[in-house]
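A short write-up of the structure that comes next.
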Amino acid sequence: MSAVITTQGLTRAFRNHTAVDSLDLRVPQGVVYGFLGPNGSGKSTTMKMLLGLTRPTSGGITLFGRPLTPASRIDLLRSIGSMIEAPPGYGHLTGLENMRIVQHMLDLADAQIDKALATVRLTAHRDKLVRNYSLGMKQRLGVAMALARDPALLVLDEPTNGLDPAGIEEIRTLLVELASEGITVMVSSHLLDEIDRMADVLGILSGGKLIFQGTRDELFEHSTPDLVIETPDPGAALALGITATPVSEGLRISGITKERTAEVVRRLAVAGVPIHEVRRVRQSLEDVFMDLTGRGGLL
Amino acid sequence: MLRAELIKLRRSAIWPIALALPLLAVTTGTINYANNADMLAGGWAAFNSQVVMFYGLLFFSLGIGLLAATSWRAEHRGTNWNLLLTTSRRPVTLVLAKVAATAVSVAFMQAVLVVGTLVSGAFVLRLDGGVPWQLVLVGAISIVAALPLVVVQSLLSMLLKSFAAPVAVCLAGCVLGVASVTSVGLRPLSYVLPQAINTRALNLGSTALTGSGSLTPDDVLPILLTALGLAAACVALGVAAIRWVRLR
Ligand SMILES: Nc1ncnc2c1ncn2[C@@H]1O[C@H](COP(=O)(O)OP(=O)(O)OP(=O)(O)O)[C@@H](O)[C@H]1O
Ligand SMILES: [Mg+2]
């Protein structure tokens, strides 16, 4: 898979600290790339650099195989839709008038504006003043503005901010759909479960450093979930010399490999200890995330 | 790009400003003329001089400062700058579109002044003599003469988030402008200071300001050419400013 975004040692330092520290991002084509990190970890700063809104202190950015420079920026931006930190918009104008501004700035066709508004389901509210829009409607207008140019790459910074669960689900479905059409979507969030079900690839940022980049499965590979053995007789198991923590449903063993699991199960069966169920605990991405950010990462 | 800027003028707060200032000038001019009708020589020229007096020295330039600040205020709200800077337009287009849109509102302001003066002269004061059509010409010339100030105030309002700061700078320029057109020592300044160029343009053919020049090519052309030259220089400055300040 070819990469739409790559960065080489991307760094941005402010007066007293480094907000983004030597990032080597790789965003493959046609995926939803979840860009995760707690507040202040440097997500917005990184995205601004990708759009040429902020200059890197050092390091480079390559978009669609072309280096991002002040000269190439204007040309590259034609195919990049974006929304950073909060949706833009002119409150004294209607939603449609706001879209017309985008249309004239980018020389877009009427059909592109209509399609973008329909995609975010704002068509019915397009003649309302944006000042009177709800938070979610403003957010959707911001997405429509980013979508209007039919981008090959979408860079969205916390697009679900302030949305209710239904709104979040809607955006999620939309982004997955866009990715299936071949559009590369980079979406940031500080909430894992928001990104969890849509992102194909994850990049996790902590304190300006990239502490993980890869697929969801790869992320889980790095941390082994606990094993739970359901048995009515944990005492008998412990008597066999198995190191485990007794829990209500039986036993819990942490950090145990697949091979050791087979071995433990065999010994229990041979000793006649009744086993009702053996399973891995469903680890939430949140746990892995906390684990990662706490430990300082895997990279 | 200009069309995008024109859309932003809809329901904008610039219109009340562009309406109120010239109407204020016409009203005070009318009252002054009516109160001093016996002392003033009478007729359109005297009335127009009364209207243009404070308007030329203060209201017009201050109005431009306010119009520029108002049109940029919307851009400083929220993340609208991100939208402007990701449009794949060159910075020069951005500056020019904003300047052009502000110039449209300045032209509107001038139209209100000219129409207001004509209406008040003809129907309120019932002045004798033919309607002085050179008022229209002066109104048009002063729109071009205003371009340097439109550009300068646009730049200031673009660079400064504050609404009041650029207007204050504009006001300081007005004070300096008054000094430059009234004192002999500072006279050279009146040829390059945008506010003073406005004053001189509006007073072309007027009797209120000594040495204000007449409506002849000899007096008009230097003003127009300086205005265009200064405006172009300021646009170049603005482009450099966007590159270095906003995209740092
Ligand atoms: N213009 C600036 N000047 C100084 N420091 C800045 C500036 N912009 C950002 N920072 C700092 O850089 C760090 C990263 O900020 P950034 O906005 O990129 O974080 P974020 O991951 O987007 O956070 P959030 O989830 O809260 O949006 C923060 O510590 C912030 O204070
Ligand atoms: Mg942020």
Inset, instruction - Output the residue which, of all residues in region B:95-112 that are open to solvent by less than 10 Å² (accessible area, probe 1.4 Å) and of a type outside the set (Gly, Ala, Ser), is farthest from the other protein chains (Cβ to nearest Cβ). - result: B:Gln110
Inset, instruction - Would you confirm whether any residue within region A:65-76 is open to solvent by 50 Å² or more (accessible area, probe 1.4 Å), within 16 Å of ligand 1 (Cβ to nearest atom), over 22 Å from A:Ala148 (Cβ atoms) and within 27 Å of the chain's Cα centre (by Cα)? - result: no
Inset, instruction - Name the helices (runs of 4 or more DSSP H) wholly inside region A:131-225 in which the number of residues that are within 16 Å of ligand 2 (Cβ to nearest atom) and under 17 Å from A:Ile80 (Cα atoms) is 1 or more. - result: A:135-147
Inset, instruction - Just need a number here: residues in region B:7-22 that are in contact (Cβ under 8 Å) with a residue 24 or more places away in the chain and surrounded by fewer than 16 Cβ atoms within 10 Å (Cβ to Cβ). - result: 2
Legend entry - Filter result (within 16 Å of ligand 1 (Cβ to nearest atom) and touching a strand residue (DSSP E or B) at 6+ places or on another chain (Cβ under 9 Å)) within region A:180-193: A:Met186, A:Val187, A:Ser188, A:Ser189, A:His190, A:Leu191, A:Leu192
Legend entry - Candidate set: region A:98-130, residues that are free of Cβ contacts under 8 Å to residues at least 12 places away in the same chain and over 15 Å from A:Val143 (Cα atoms); chosen: the one surrounded by the fewest Cβ atoms within 10 Å (Cβ to Cβ): A:Ala111
Inset, instruction - Search region B:35-91 for residues being of a type in the set (Phe, Trp, Tyr) and over 25 Å from A:Leu141 (Cα atoms), and hand back the single one that is most open to solvent (accessible area, probe 1.4 Å). - result: B:Phe54
Legend entry - Boolean, B:Met39 is out of contact with any helix residue (DSSP H, G or I) (no Cβ under 6 Å at 6 or more places or on another chain), part of a helix (DSSP H, G or I), at pLDDT below 90 and not small (Gly, Ala, Ser): no
Inset, instruction - Examine region A:161-179 for a residue that is within 16 Å of ligand 1 (Cβ to nearest atom) and modelled with pLDDT of 95 or more, and state whether such a residue exists. - result: no
Inset, instruction - Among what's in region A:46-80 and is among the polar types (S, T, N, Q) and within 22 Å of A:Ser189 (Cβ to Cβ), pick the residue that is nearest to the other protein chains (Cβ to nearest Cβ). - result: A:Thr54
Inset, instruction - Could you list all residues from region A:79-97 that are assigned to a strand (DSSP E or B), open to solvent by less than 10 Å² (accessible area, probe 1.4 Å) and either among the hydrophobic types (A, V, I, L, M, F, W, C) or within 16 Å of ligand 1 (Cβ to nearest atom) (or both)? - result: A:Ile80, A:Met83
Inset, instruction - From B:Leu189, B:Leu147, grab the single residue that is in contact (Cβ under 8 Å) with a residue 60 or more places away in the chain and open to solvent by 20 Å² or more (accessible area, probe 1.4 Å). - result: B:Leu147
Legend entry - Residue in region A:248-274 that is nearest to the chain's Cα centre (by Cα), counting only those that are open to solvent by 60 Å² or more (accessible area, probe 1.4 Å) and aliphatic (A, V, I, L, M): A:Ala262
Legend entry - Test: residue in region B:110-124 that is in a loop (DSSP other than H, G, I, E, B), out of contact with any Leu (no Cβ under 9 Å at 6 or more places or on another chain), among the small types (Gly, Ala, Ser) and over 24 Å from B:Ile197 (Cα atoms): no
Inset, instruction - May I ask you to say which residue of A:Met83, A:Met145, A:Met137 is closer than 24 Å to A:Ser189 by Cα and away from chain B (no Cβ under 12 Å)? - result: A:Met137
Inset, instruction - Among what's in region A:226-247 and is of a type in the set (A, V, I, L, M) and outside any loop (DSSP other than H, G, I, E, B), pick the residue that is surrounded by the fewest Cβ atoms within 10 Å (Cβ to Cβ). - result: A:Ala239
Legend entry - Hits in region B:71-89 (condition: more than 7 Å from every other protein chain (Cβ to nearest Cβ) and in contact (Cβ under 8 Å) with a residue 24 or more places away in the chain): B:Ser71, B:Trp72, B:Arg73, B:Glu75, B:His76, B:Trp81
Inset, instruction - Go through (1) assigned to a helix (DSSP H, G or I); (2) of a type outside the set (A, V, I, L, M, F, W, C); (3) within 30 Å of A:Asp127 (Cβ to Cβ) and name the single condition B:Ser61 misses. - result: (3)
Inset, instruction - Could you tell me which numbered condition B:Met158 fails, if it satisfies all but one of (1) crowded, with 23+ Cβ neighbours inside 10 Å; (2) under 14 Å from the mean Cα position of the chain (by Cα)? - result: (2)
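The values are calculated or read from the model by the stated rules, or taken from the named source; none is laboratory data. Quick caveat, the model's predicted, so the values are computed rather than measured. Don't worry about glycine lacking a Cβ; one is built from the backbone with ideal geometry, like all the others, and counts go over all protein chains shown. The protein model used for the area step is the full one, side chains on, heavy atoms only, and it has no ligands, DNA or RNA in it. Shrake-Rupley method; radii C 1.70, N 1.55, O 1.52, S 1.80 Å.
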